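Since the structure comes first, as structure tokens, the remarks are kept for the end.
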Amino acid sequence: MARLRATFIAAAALLLGCGPVTASTPTLLWRDAKKVAVLCLVAPTRLLDYRDLQSDLCRRVVANAGLNAPLPVTEIAHGDPQVIASDTVALLVHASVQAGPQSTPLVAFSIRPFRATAEQTAQLFSAPPRAATLGADGVGDAALDAAIDAALSETLPWRADEASSGPQPLIER
């Protein structure tokens with residue numbers, strides 16, 4: 001009986017236009033964060049100069065993440081101690097390149113937030129991996145910007161899916 005009732009309520013909610021429910025607050029990973037540091041890694045490839053792509057990708061992520069951000073967003077280099085600073089959320093951008101359609105380079109990447117804290121704040125899963133074709137010169141274009149924007153909209157609490165729950169404020173104690 002309870003199962004039938006739950007099914008009826010779910011069906012009524014769908015008919016009334018109610019969509020899936022999303023969390024109203026971001027994960028604890030963002031609590032008391034003071035800055036966002038972007039760290040990028042593009043796997044070496046023979047298709048293009050991966051260092052140029054790594055620089056371009058990081059620059060694009062910083063620019064996009066910084067739009068209307070309540071925290072400063074900066075790029076950091078490998079080995080920078082900011083990645084483990086207690087007041088920093090690091091956005092780890094990991095990418096690889098392979099030959100795509102018509103031999104155009106295709107970059108696949110993921111963006112995952114990381115914060116080194118003693119509390120249980122790990123966010124095990126984040127935005128799904130994205131892919132975009134690159135120009136013949138190995139530099140991104142509007143397709144890469146759109147893929148970055150989509151990934152960040154599912155990663156950053158202030159950019160959270162405006163279509164469903166709207167931006168989420170950061171948690172402060």
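Computed from phi, the 3J(HN,Hα) profile of region 106-115 under the Karplus parametrisation 6.51, -1.76, 1.60 (θ = phi - 60°) reads 10, 9, 10, 8, 10, 10, 10, x, 9, 9 Hz, with x in place of Gly and Pro.
Solvent-accessible area per residue in region 43-154 equals 54 Å², computed with a 1.4 angstrom probe and all protein chains kept. In order along region 41-53, the phi-based Karplus estimate (6.51 cos²θ - 1.76 cosθ + 1.60, θ = phi - 60°) of 3J(HN,Hα) comes to 9, 10, 5, x, 8, 8, 6, 6, 7, 5, 5, 5, 5 Hz; Gly and Pro are listed as x.
The amide H of VAL42, built 1.01 Å from its N in the peptide plane, has ALA95 as neighbours under 5 Å, considering only residues 5 or more places off or on other chains.
The values are calculated or read from the model by the stated rules, or taken from the named source; none is laboratory data. From a predicted model like this one, the values you see are computed outputs, not experimental measurements. Just so you know, the surface numbers come from the protein's heavy atoms only, side chains and all, with ligands and any DNA or RNA stripped out. Shrake-Rupley method; radii C 1.70, N 1.55, O 1.52, S 1.80 Å.
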